[in-house]
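What follows is one structure encoded as structure tokens, with my remarks underneath.
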Amino acid sequence: MAKKIRYYYDAETCSFKKEKLTFASAVKKALSYLTVSGVLACLLIAAFLYSGYDPQKVILENENKRLKSEIGKYEQQFSMLEKAVDELHKKDNEFYRSILNAEPIASGVWNGGTGGTANAELASQPDVLRETEKRLARLSQKVDLQGESYSLLFGHLSENEDFLSHVPSIKPVPGRLISGFGMRMHPIHHIRKRHTGIDLQASKGTPVYATGDGVIKFAGRKANGYGIHIDIDHGYEYVTKYAHLSKVLVKRGQSVKRGDIIGYSGNTGLSKGPHLHYEIIKGGIKIDPIDYFYADLTPEEFIKLREEAMVENTSMD
């Protein structure tokens, strides 16, 4: 390998000259490099030591952040589960037990304490663990109560098969909820008024299904804002109404079964656009139909639908 030739600039002669490298100068140059490198290394080590850097501490802090994130996710899921169980209980007490003439679960029993934890080791655990175990114990108790409740209700079901086949219990169309039951802004009159049913998304010509067994009470058009509509008498004081249709497939006095197609959705009457307006009347009083979708919805879907229905918006009719 060719030996490298070094040059230096001579200010006196204003020219570059070959550098004569002796052993002594080479040693001095090497020592100078080592000295500078040593000083820099010492400075870096000192900075590292005095910075308080602790690898184990950093690892623990990162793990702590990860665990906090995981706890947050589980907390959210736990809260959703608690909400779902409480919603099932509410639906059970207010609807299932009501229609089956069964005594509701007493509030004191449902919300009763668990008598404290029997785990002696728990007292020494962090607060978050103690609280989680208490919540888990309460939730477990509620699940057991709800299981016993359903066992009782299944016994009532066998005694009320005819009633259950007639009571409305499915969605008349598969579309999403547009507007719920209660006070709403009217799209035509532009005033707040009571919306006596719910509006479900349905493009013109969507099949409309009977929500329970019954007899057609009315099928046609009246000058009452409903346009072409159908009323079904289900017996047991229940009547359902399907409004703003484009076509009816049934006639007065005809018997229908739950799931039968009775007509097609449309935009007739006092309506802002194609949809289905659906009502349930019990004992002459119009009630919220959402409580009667129990055969079509999971607990999670029911909770979501209930939350959507609580939003006060503009109805379609």
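Name the single residue, out of those in segment 293-317 being closer than 21 Å to Arg184 by Cα and at pLDDT 75 or above, that is surrounded by the fewest Cβ atoms within 10 Å (Cβ to Cβ).
Only one residue tops the list, namely Glu307.
I'd like the residue in segment 158-171 that is more than 30 Å from the chain's Cα centre (by Cα) and in a helix (DSSP H, G or I) and, out of all such residues, is modelled with the highest pLDDT.
His166
For residues in segment 75-103 being surrounded by 11 or more Cβ atoms within 10 Å (Cβ to Cβ), of a type outside the set (A, V, I, L, M) and farther than 19 Å from Leu145 by Cβ, which is modelled with the highest pLDDT?
Among them, the one singled out is Ser79.
When residues of segment 251-279 are filtered for being in a strand (DSSP E or B) and crowded, with 16+ Cβ neighbours inside 10 Å, how many remain?
11
Residues in segment 280-310 that are outside any helix (DSSP H, G or I) and not basic (Lys, Arg): how many?
Matching residues across segment 280-310 total 14.
Please enumerate the residues belonging to segment 109-144 that are modelled with pLDDT under 50, in a helix (DSSP H, G or I) and of a type in the set (A, V, I, L, M).
Matches in segment 109-144: Ala120, Leu122, Ala123.
The values are calculated or read from the model by the stated rules, or taken from the named source; none is laboratory data. Bear in mind that the values here come from a model prediction, so they are computed numbers and not experimental data. Methodologically, a virtual Cβ is constructed for each residue, glycine included, from the backbone with ideal geometry; neighbour enumeration extends over all protein chains shown.
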